[in-house]
Amino acid sequence: MKILVAADLHAVTRRLADRPLPSLIEFSAASRSATLDPLLGLRGLFENGKVEVPDLLICAGDLADKADPNAIRSVWRELTQICRDYKVPGLHATCGNHDLDSRNIENKFDPKGFLRALDPPFPLANENRDSLQQLSYWADNFAITEGDDWRLLNINSCAYHGYGDKSSPELEHGRVSDFTLSNIRRALEKIGPDVQKKFNICLFHHHLREISSDSFSDRSKMEGAENLTALLSEAQFGEWLVIHGHRHRAGIYCAGGSTSPFVLSCASFSATSVGDEHNPCQNQFYMVDFEPPRNGKCRIKGGITAWTWVPTYGWREPSNSPAGLPKRSGFGFRGDIHDLVERFEKEVVEKGRVTWSDAEQLFPEVRFCLPSELKNLQDLLTSGGKVNVSIEGMQIREMVRK
């Protein structure tokens, strides 16, 4: 199973006088091309067969910038048309803070009314506007949809935007409330043991962890994030891949212990650095592929291919970028990295030389190591005194006995 993931397009339809644009997607531009517009560039990748047709196309919020209704409508139509043209079976999005008119620019009392009127229906393009899943997303702040081998828990982390007092407006952060979490728990309990028979994906917009630094103070993460993580970490509810956007910082990590979800934090698909000058990440989108089920159970284990946008060139074929996810990342390894190092060392000492492709054959689990785990593997091998490690880009090329 494969899913294509994009987040934070921030498209615009009106040029702001004397100000740089917040997005590379400008629908009011005199002309658009696949080397200047990432959305047209994505279409080109499908057209040329460079990107496989996924089972799902997922957008983690912020289709447009500052609730620009024309841009939201245009992006949603183009994403829908891409799915139709290239026979992508499913299109699922979630609300971003820039998708809701929470500052009442276009509408004085209904920040989500425009979204609910979109055609095809938003955020579940394949569901009827009056379907239980569509209504649940807007009324209960989450929806669970399912395909043959996947299950999507889609949470509206912007559900309370437009509320809160002036000293602490909800629009400044995301939230999953205790009431919503209780309802999610009940829904998962109804699924029962069958929860492990499909790939479980949890989608929302806001991030789970603060990313503050000396130069950047982050106060917009999702309130209730720890409680959601704890819920999805309960073994009875199977394994989960969490996908979110919002801060435009790319990463893949495990949220905790041996049953915790893996979390894909997305870089922006097409936002510029306007207003986010401290962000080192380039524009990216991701193709996530899961390992086939074993013994009737779908494990959250697989790989992520990152595509990076290069100005005036377009989407670059998978290659290592100075920031963001590397060209190929794994997820799903839950073993002991020190044990893996010992086995690597033993093999290299015996054979004298082991390439990375050889290592993947000898130890298939390394394909599912997170980038941080591979960095630890590299560092421990280097410091162990028995092996010389040769690096190509951001990846081990070969290991040679000292």
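The values are calculated or read from the model by the stated rules, or taken from the named source; none is laboratory data. Just so we're clear, the structure is a prediction, and the values are computed from it rather than from any experiment. As a convention, Cβ positions derive from the backbone with ideal geometry for all residues, glycine included, and neighbour counts pool all protein chains shown. Ligands, DNA and RNA are stripped out before the accessible areas are found, and what is left, the full protein with its side chains, is counted by its heavy atoms. Shrake-Rupley method; radii C 1.70, N 1.55, O 1.52, S 1.80 Å.
Scanning the range 247-283 for residues that are in a loop (DSSP other than H, G, I, E, B), open to solvent by less than 20 Å² (accessible area, probe 1.4 Å) and in contact with a Ser or Thr (Cβ under 8 Å, 6 or more places away or on another chain) gives 260, 261, 270. Here the condition is being of a type in the set (Asp, Glu), within 17 Å of residue 161 (Cα to Cα), buried (at least 20 other Cβ atoms within 10 Å of the Cβ) and at pLDDT 95 or above; of 101, 62, 68, it holds for 62 alone.
State whether the residues of the range 75-97 include one that is part of a loop (DSSP other than H, G, I, E, B), in contact (Cβ under 8 Å) with a residue 24 or more places away in the chain, open to solvent by less than 20 Å² (accessible area, probe 1.4 Å) and of a type outside the set (Val, Ile, Thr). Scanning the range 75-97 turns up at least one residue that is part of a loop (DSSP other than H, G, I, E, B), in contact (Cβ under 8 Å) with a residue 24 or more places away in the chain, open to solvent by less than 20 Å² (accessible area, probe 1.4 Å) and of a type outside the set (Val, Ile, Thr). When the range 289-301 is filtered for residues that are within 28 Å of residue 41 (Cα to Cα) and either basic (Lys, Arg) or crowded, with 22+ Cβ neighbours inside 10 Å (or both), only 290 remains.
Is it the case that the range 356-368 has a residue that's farther than 21 Å from residue 252 by Cβ, out of contact with any Phe, Trp or Tyr (no Cβ under 8 Å at 6 or more places or on another chain), outside any strand (DSSP E or B) and charged (D, E, K, R)? Yes. Considering only residues of the range 140-168 that are in contact with a Phe, Trp or Tyr (Cβ under 8 Å, 6 or more places away or on another chain) and either of a type in the set (Asp, Glu) or not in a strand (DSSP E or B) (or both), which is nearest to residue 89 (Cα to Cα)? Filtering first and then ranking leaves 149.
The set of residues in the range 302-326 that are in a strand (DSSP E or B) and open to solvent by less than 60 Å² (accessible area, probe 1.4 Å) comprises 302, 303, 304, 305, 306, 307, 308, 309, 310, 314, 315.
None of 151, 129 is open to solvent by 50 Å² or more (accessible area, probe 1.4 Å) and of a type in the set (D, E, K, R) except 129.
Does residue 389 satisfy the condition of being surrounded by 15 or more Cβ atoms within 10 Å (Cβ to Cβ), assigned to a strand (DSSP E or B) and touching a helix residue (DSSP H, G or I) at 6+ places or on another chain (Cβ under 6 Å)? Give the steps one after another, and end with the answer.
On the way: surrounded by 15 or more Cβ atoms within 10 Å (Cβ to Cβ): yes; assigned to a strand (DSSP E or B): yes; touching a helix residue (DSSP H, G or I) at 6+ places or on another chain (Cβ under 6 Å): yes.
Considered against the rule, which asks whether it is surrounded by 15 or more Cβ atoms within 10 Å (Cβ to Cβ), assigned to a strand (DSSP E or B) and touching a helix residue (DSSP H, G or I) at 6+ places or on another chain (Cβ under 6 Å), residue 389 comes out as yes.
Within the range 204-229, the set of residues being open to solvent by less than 10 Å² (accessible area, probe 1.4 Å), under 13 Å from residue 184 (Cβ atoms) and outside any loop (DSSP other than H, G, I, E, B) comprises 228 only. Return yes when residue 40 is in a helix (DSSP H, G or I), closer than 19 Å to residue 313 by Cβ and free of Cβ contacts under 8 Å to residues at least 40 places away in the same chain and no when it is not. Against the criterion (in a helix (DSSP H, G or I), closer than 19 Å to residue 313 by Cβ and free of Cβ contacts under 8 Å to residues at least 40 places away in the same chain), residue 40 qualifies. For the residues 374, 381, 340, the requirement of being open to solvent by 30 Å² or more (accessible area, probe 1.4 Å), in a helix (DSSP H, G or I) and of a type in the set (A, V, I, L, M, F, W, C) singles out 374.
Taking every residue in the range 206-217 that is among the hydroxyl-bearing types (Ser, Thr, Tyr) and pairing it with any residue that is open to solvent by 60 Å² or more (accessible area, probe 1.4 Å), at least 6 positions away or on another chain, the pairs with Cβ-Cβ distances below 6 Å are 215/278.
If you scan the range 57-74, which residues turn out to be of a type outside the set (A, V, I, L, M), in contact with an Asp or Glu (Cβ under 8 Å, 6 or more places away or on another chain) and part of a loop (DSSP other than H, G, I, E, B)? Talk me through it step by step, then tell me what you get.
Within the range 57-74, the first condition is being of a type outside the set (A, V, I, L, M), and the residues that meet it are 59, 61-62, 65-66, 68-70, 73-74.
Right, trim to in contact with an Asp or Glu (Cβ under 8 Å, 6 or more places away or on another chain) and you get 61-62, 69.
Scanning the range 57-74 gives 61, 62.
Residues in the range 172-203 that are in a helix (DSSP H, G or I), open to solvent by 10 Å² or more (accessible area, probe 1.4 Å) and under 18 Å from residue 261 (Cβ atoms): 181, 185, 187, 189, 191, 196, 197.
Count of the range 288-301 residues, restricted to those that are assigned to a strand (DSSP E or B) and among the aliphatic types (A, V, I, L, M), is 1.
Looking at 366, 349, can you tell me which residue is open to solvent by less than 70 Å² (accessible area, probe 1.4 Å), β-branched (Val, Ile, Thr), farther than 25 Å from residue 49 by Cα and touching a helix residue (DSSP H, G or I) at 6+ places or on another chain (Cβ under 8 Å)?
Working: 349 fails: touching a helix residue (DSSP H, G or I) at 6+ places or on another chain (Cβ under 8 Å).
The match here is 366.
Among the residues in the range 346-354, are any of a type in the set (Lys, Arg) and under 25 Å from the mean Cα position of the chain (by Cα)? No, that holds for no residue.
If you take the residues in the range 45-56 that are surrounded by 18 or more Cβ atoms within 10 Å (Cβ to Cβ) and out of contact with any helix residue (DSSP H, G or I) (no Cβ under 6 Å at 6 or more places or on another chain), which one is nearest to residue 287 (Cα to Cα)? Outline the logic, then answer.
The first filter runs over the range 45-56 and keeps only residues surrounded by 18 or more Cβ atoms within 10 Å (Cβ to Cβ), leaving 45-46, 51, 54-56.
Now narrow it down to the ones that are out of contact with any helix residue (DSSP H, G or I) (no Cβ under 6 Å at 6 or more places or on another chain): 45-46, 54-56.
Numbers: 45: 12, 46: 12, 54: 8, 55: 11, 56: 10 Å.
Across the range 45-56, the extreme among qualifying residues is 54.
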